[in-house]
Amino acid sequence: MTVTEGALYPGSAPVPAEEERRLDAVRRYQILDTPPDGAFDKVAALAAQIFRTPVATVTIVDGDRVWFKAASGLSGITEIGRDPGLCASAILDGAPYVVTDALSDPRTAGNPLVHGEMGVRFYAAAPITTADGYHLGTVNVLDTRPRQVTEEQLAALPNLAALVMDQLELRLSAIRTVTAERQMRTAAERLARTLQRTLLPPALPEVPGLRAAAAYHTASADEVGGDFYDLFPLDDGRWAFFLGDVCGKGSDAAALTSLTRYTLRAAAIYDPDPCTVLANLDTVLKGEYQGTNPRFCTAVFGILQPEEDGSFALTLAGGGHPPALAVRADGTVEPVPVTGGQLIGLLPAPHFTQTTTRLRPGDALLLYTDGVTEARTASGSMLEEEGLVAHLAASAWHDADGLLAGVHKLLTDLGTGVNDDTALLALSVPALRTAPAQETR
C-alpha cells in the first residue's frame, strides 16, 4: 500500500480513501489504548537487544497520533504527534525504513523528536502489516547517535514486526471467540427464558374468594430448569393445583416438564382424586421412559373446595416433595405433611399419601420446590424447612402476593447461596372485613 505522505496529516490535503481503510484496519484489531502486554514488551526488548540501541518501541499509527503499545528504554511517554519523518513515514512503504543520521536526512529534518529534548539521530523501523496489506504501525529502534545497521539486523526487523502481527491476529481471534460466545450465551439465555415461559402457565386464573400468586426464580439464566406449577378449574366447581420438580436440567428436563404438566392436567379431569392423579402420572412416566434411563419427579397435587363460610377445604397429596406450609391468620406456620409419599416415575410400586386441611379467611398456603430450602445461608448451612418457616413466621404479609414478596426477599438476601431454580405457588383466602362500629347518639 502506498499513500502520499502529505495527505496523511491534519491541516494538509484531505485524507484519502486508502488511509481511511488503513484506519479501519487499525480499529478492527481493537488495540489502541489497551493495557501493557508482555508479548509486545518482549518484542520491543528483543529489538533493542538485536540493534544494541537504548530505545525500541512497538507503535500503532492512529489518525492524528502515534501510540506506543510497548517500549523498551522509554518511560513516561505513551504517544506522540503524527509528525512526518519517523513512525508516520515508516508505514508508507512495505520495506524497512532506515535513517542513519536524522540531522542530515531530509526526511526527518522537521521531526520534533530529532530537534527536541530526545535528540533522535538514528531510527530504523519495519511496518506491522496485515494479511490484506495495511500497515498498522511499526516495530522500531532509536538511538541518540548516528549509526549503521548490519544486514542481519535489518533482516530481523521485519520478522519482529511479523511476530507483532501474529500476536494481533491471535488477540483478534480471541476477541471474536469471546464475542461469539457472549452472543451464543445471550441467545441461549433468551431461548432458555422463552422455553421456560412455555413450560409455565402465562397467568394464573381468577379464583372466586381466593387470591393466587406464583413466581419462578432461576439460578442460571442460560439453563432451563425443571420446576413447574399450575392452577386450573374442574367441572364441578372445585379447583386443582400442583407444583413440582423434575430431575435434571436443560432440554431433557424441559421435555419431562411438559409431559408432566400435561399428564397432571389430563389425569385430574379423568379422576381428580389427588393420590390417583399422582399414580397416573407415575404410570405415564414409566411408560415413556423405559429402560436404563428412568426419569422421575416430585410433586404436590391439591384440590380446593369452596365452602359457604368463605373458607376452602383442601385435599393434598404428595410424591417425594417438601411439605406445603399453611400460614395461618394469626401468623403461625404449620407444615401440611403428606408423609410417606415417594418419588414419581422411579420406584416399582410407589406409595402416595394425602391429607386434608382447611384454609379459613386470613389463611394462606405456600408450595415451593427445594431450591429455597437447599439454599445456603451466610454460615454455609442449608436454610431447610425450619429456616423457611421461621422467615415466614417473622414476615408481615396480607395476601398471596405479599407472601411471595417475603420469600423473594429471602432469596435475594441469600444471593449466591441460591444455586437451584425455585418455583413458588401461594394461595390465600382474604380476611373477613369487620363492619365499622356505629356511633351511639
Note, region 377-391: 3J(HN,Hα) by Karplus (6.51, -1.76, 1.60, θ = phi - 60°), whole Hz, Gly/Pro = x, goes 7, 4, 7, x, 7, 6, 5, 6, 4, 4, x, 5, 4, 4, 5
Among Ile344, Ile77, Ile303: highest mean-square fluctuation, GNM of the chain, C-alpha pairs under 10 Å: Ile77
Shape call for the chain, from the Cα gyration tensor axes a ≥ b ≥ c (a/c under 1.5 means rounded, otherwise prolate when a/b beats b/c, else oblate), comes out prolate
Estimated distance in nm for a label pair at Gln148 and His115, the labels positioned 7 Å out from Cα along Cα-to-Cβ: 3.0
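Would region 5-176 count as rounded, prolate or oblate if I go by the C-alpha gyration tensor, calling it rounded below 1.5 in a/c and otherwise prolate when a/b exceeds b/c, oblate otherwise?
Verdict is oblate for region 5-176.
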Built amide H within the under 5 Å cut-off of Val120, gap 5+: Val114
So how far, in whole Å, is the C-alpha centre of region 27-95 from the one of region 158-187? 20
Additional length obtainable on full extension of the chain from Ile269 to His398, 0.36 nm per residue less Cα span: 43.2 nm
Treating cross-link reach as a plain straight distance, find the lysines whose alpha-carbon is under 21 Å from the alpha-carbon of Lys69, omitting any fewer than eight places away in the same chain. Lys42
So how tilted is helix 151-198 from the main axis of the chain? Cα-based, degrees 0 to 90, rounded to 10. 20
Which of rounded, prolate, oblate describes region 199-428, given a ≥ b ≥ c as roots of the alpha-carbon gyration tensor eigenvalues and a/c under 1.5 marking rounded, otherwise prolate only if a/b is larger than b/c? oblate
Using alpha-carbon coordinates, inclination of helix 38-51 to the longest axis of the chain, degrees: 10
If each part is reduced to its alpha-carbon centroid, region 331-357 and region 397-432 end up apart, in Å, by 22
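All of the numbers you see were taken from the coordinates with simple rules; none came from a lab. No experiment lies behind these values; they were computed from the predicted model shown. Using ideal geometry, Cβ is built from the backbone for each residue, glycine included, and neighbour counts are taken over all protein chains shown.
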